[in-house]
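The values are calculated or read from the model by the stated rules, or taken from the named source; none is laboratory data. These numbers come from a predicted model, not from an experiment. Cβ: placed from backbone, ideal geometry, glycine included. Neighbour counts: every protein chain shown. Each accessible area value is taken on the protein alone, full model and side chains, heavy atoms only, with ligands, DNA and RNA left out. Shrake-Rupley method; radii C 1.70, N 1.55, O 1.52, S 1.80 Å.
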Amino acid sequence: MTAMTPSRNGHLPINGLSLYYEVYGELVRSKTSPLLLMPGDGMATDSTTSWVSAFAGTRAVIVFDQQGNGRTPDTSRKRSYQQFADDAAALLRALNVERADVMGFSQGVALQLALRHPTLVSKLVSLSTTYRKDGWYPSLLKAIEDQSGASLTDDHNISDEQMRSISAKTMVIVGDADSVKPEHALAMFKLRGGGDEEAAASGTLQKVPAARLVILPATSHVGIWGESAVLVPMVCAFLDDVRPVTPDLF
């Protein structure tokens, strides 16, 4: 896939960082909310090429390198999902973005952004993410601790009440072989208003769902990042409030 050229890029002074960012498309002229796309820990903007290319045809896309990743130098500042969320909020404000759709992979930064800066987040896409540490399989947590001795997940413990309080409509996406427990993804979906008893009774959707849940088959935590071709159309339908069409069967 040919790499796209950003319409804007560079470094901005954000919360003590020289934070590197890229913008694809026009933030002011876009008819839809821009999408802030955040990859996982240790990943940089270069890893988002396929996603940016798929999204940029219909909306402006913003990506950035978190502290110590890619072209954003590390500092002695404490690293946490909460701090990264504050960095994302400061970046949006520096770019004069009043509201954005937000999609975050693996880390809980997008969830923290929706909690800490609700006026900035229009819609939220949680890709292979947990809202509590116990949402991960223990084997993953042990592997992280064996490699680094510490984990960013240590201070990531969002309560059920906080999850219900998020104002942004939410889409939850995981793989069935993910590092995220499937029951945790389902719990997140329900806390965000998922489940429609009227649709269950009638067999059809009468309104745009409050939340959406996607579980991809035979898909791991790393593998799901390679599924942009499958997921982007579903994500765009969610961001654009498209209601699935009911076929005429009877």
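Computed values, structure above
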read-out: The stretch 65-200: C-alpha gyration tensor shape, a/c 1.5 cut-off, then a/b vs b/c; value: oblate
read-out: Two-site FRET efficiency, Ser18 against Asp196, from Cβ-Cβ distance with R₀ of 35 Å, rounded to 0.05; value: 0.15
read-out: Per-pair calculated FRET efficiency, R0 = 30 Å: Ala177 and Ala210 via Cβ, rounded to 0.05; value: 0.65
read-out: Relative contact order of the chain, defined on C-alpha pairs under 8 angstrom at six or more residues apart (%); value: 15 percent
read-out: Sulfur and carbon atoms: percent of accessible area, the chain [1.4 Å]; value: 53 percent
read-out: Whichever lysines have a C-alpha closer than 24 Å to that of Lys181, once near sequence neighbours (fewer than 8 apart) are set aside; value: Lys123, Lys133, Lys142, Lys169, Lys190
read-out: Peptides ranked, highest mean first, by Cβ atoms within 10 Å: ranges 85-92, 222-229, 117-124; value: 85-92, 117-124, 222-229
read-out: Fraction of the pair-distance distribution of the stretch 1-128 above 21 Å, Cα-Cα pairs, percent; value: 31 percent
read-out: For the stretch 219-234, 3J(HN,Hα) per residue [Karplus equation, 6.51 cos²θ - 1.76 cosθ + 1.60, θ = phi - 60°, Hz, x = Gly/Pro]; value: 10, 8, 4, 6, x, 5, 5, x, 9, 4, 4, 7, 8, 4, x, 5
read-out: Surface accessible to a 1.4 Å probe, per residue, for the residues of the chain, Å²; value: 47 Å²
read-out: Share, in percent, of DSSP beta bridges within the chain that are antiparallel, nearest 5; value: 35 percent
read-out: Rounded, prolate or oblate (a/c below 1.5 giving rounded, otherwise prolate when a/b exceeds b/c) for the stretch 1-61 by Cα gyration tensor; value: oblate
read-out: Inter-site label distance for Ala143 and Gln162 at 7 Å from Cα along Cβ, in nm; value: 2.6 nm
read-out: Binned Cα-Cα distances of the chain, short to long, each 10 Å bin given as a whole percent; value: 7, 31, 38, 19, 4, 1, 0
